[in-house]
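Undergrad: Submitted below is the structure of interest, expressed as structure tokens.
Coordinate-derived values only; no laboratory data. Note that the structure is predicted; figures quoted are calculated from it, not measured. Quick reminder, even Gly has a Cβ in these numbers, built from the backbone with ideal geometry, and neighbours come from all protein chains shown.
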Amino acid sequence: MILVSSCLAGLEVRYNGTHCLNEKINKLVEENKAVTICPELLGGLSTPREPAEIVGGDGDDVLDGKAKVIGKSGKDVTEFYIKGAYAALEKAKEINATIVVLKENSPSCGSSMIYNGQFVGQKVVGNGVTSALLKRNGLQVISEERFVRDI
Ligand code: SF4
């Protein structure tokens with residue numbers, strides 16, 4: 001079974017109420033080969049919500065207590081992101097996920113790139129919080145870009 005970001009399957013769960021439908025991923029969900037998760041909703045946030053970025057590092061640093069997830073207004077939302085990451089891990093274990101495909105660039109789901117924490121639209125190399133936790137637990141996490149290209 002494959003675990004995928006909900007927004008990639010067309011669910012309108014992004015911070016601004018939109019989705020980022022990927023046809024190949026949505027087809028897997030329709031064929032019952034993939035299960036959707038949105039770590040930010042699982043963590044207790046709702047849609048719409050304030051955009052947030054990781055400040056002071058990446059998702060690994062958040063898990064290690066060295067960086068925080070901060071909303072655009074300056075509110076510390078780290079706890080929601082960590083809670084969502086653990087909920088995603090539980091789900092991955094529950095369905096015996098063989099591979100996890102998550103939305104690139106998100107502070108939760110990014111698996112190779114995230115925004116740099118300055119809300120200026122610039123990306124840096126790094127994991128989102130959920131990707132970092134899943135990788136630490138031995139799961140193969142890739143972006144939708146890599147999934148479409150390589151798999
Ligand atoms: Fe999509 Fe992940 Fe953001 Fe949820 S947390 S909207 S699944 S990128």
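Per-residue answers, yes or no, for (1) touching a Cys at 6+ places or on another chain (Cβ under 9 Å); (2) without any contact (Cβ under 8 Å) to a residue 40 or more places away in the chain; (3) surrounded by 16 or more Cβ atoms within 10 Å (Cβ to Cβ):
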site: Gly56; (1), (2), (3): no, no, no
site: Gln122; (1), (2), (3): no, yes, no
site: Leu133; (1), (2), (3): no, no, yes
site: Glu145; (1), (2), (3): no, no, yes
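Undergrad: A further question on this structure: Only one residue in Leu8, Leu45 is surrounded by 22 or more Cβ atoms within 10 Å (Cβ to Cβ) and not in a helix (DSSP H, G or I). Which one? Spell out how you get there, then give the answer.
TA: Numbers: Leu8 fails: not in a helix (DSSP H, G or I).
Only one candidate qualifies: Leu45.
Undergrad: In addition: Hey, among Asp64, Asp76, Asp58, which residue is closer than 22 Å to Arg146 by Cα and more than 14 Å from the ligand (Cβ to nearest atom)? Outline the logic, then answer.
TA: Values: Asp64 fails: closer than 22 Å to Arg146 by Cα; Asp76 fails: closer than 22 Å to Arg146 by Cα.
It is Asp58.
Undergrad: Say we look at segment 58-84 and pick out the residues that are part of a strand (DSSP E or B) and touching a residue at least 24 places away in the same chain (Cβ under 8 Å); which of these is farthest from Val129 (Cα to Cα)? Break it down stepwise before answering.
TA: Keep residues of segment 58-84 that are part of a strand (DSSP E or B), which gives 68-71, 76.
Narrowing the set further to residues that are touching a residue at least 24 places away in the same chain (Cβ under 8 Å) leaves 69-70.
On the way: Val69: 9, Ile70: 13 Å.
So the residue we want is Ile70.
Undergrad: Let me ask you something else. Looking at this structure, is Glu23 over 18 Å from Leu134 (Cβ atoms) and more than 10 Å from the ligand (Cβ to nearest atom)?
TA: Working: over 18 Å from Leu134 (Cβ atoms): yes; more than 10 Å from the ligand (Cβ to nearest atom): yes.
Against the criterion (over 18 Å from Leu134 (Cβ atoms) and more than 10 Å from the ligand (Cβ to nearest atom)), Glu23 qualifies.
Undergrad: Restricting segment 94-146 to residues that are under 22 Å from Gly56 (Cβ atoms) and part of a helix (DSSP H, G or I), which is nearest to the ligand (Cβ to nearest atom)?
TA: Among residues in segment 94-146 that are under 22 Å from Gly56 (Cβ atoms) and part of a helix (DSSP H, G or I), the one nearest to the ligand (Cβ to nearest atom) is Thr130.
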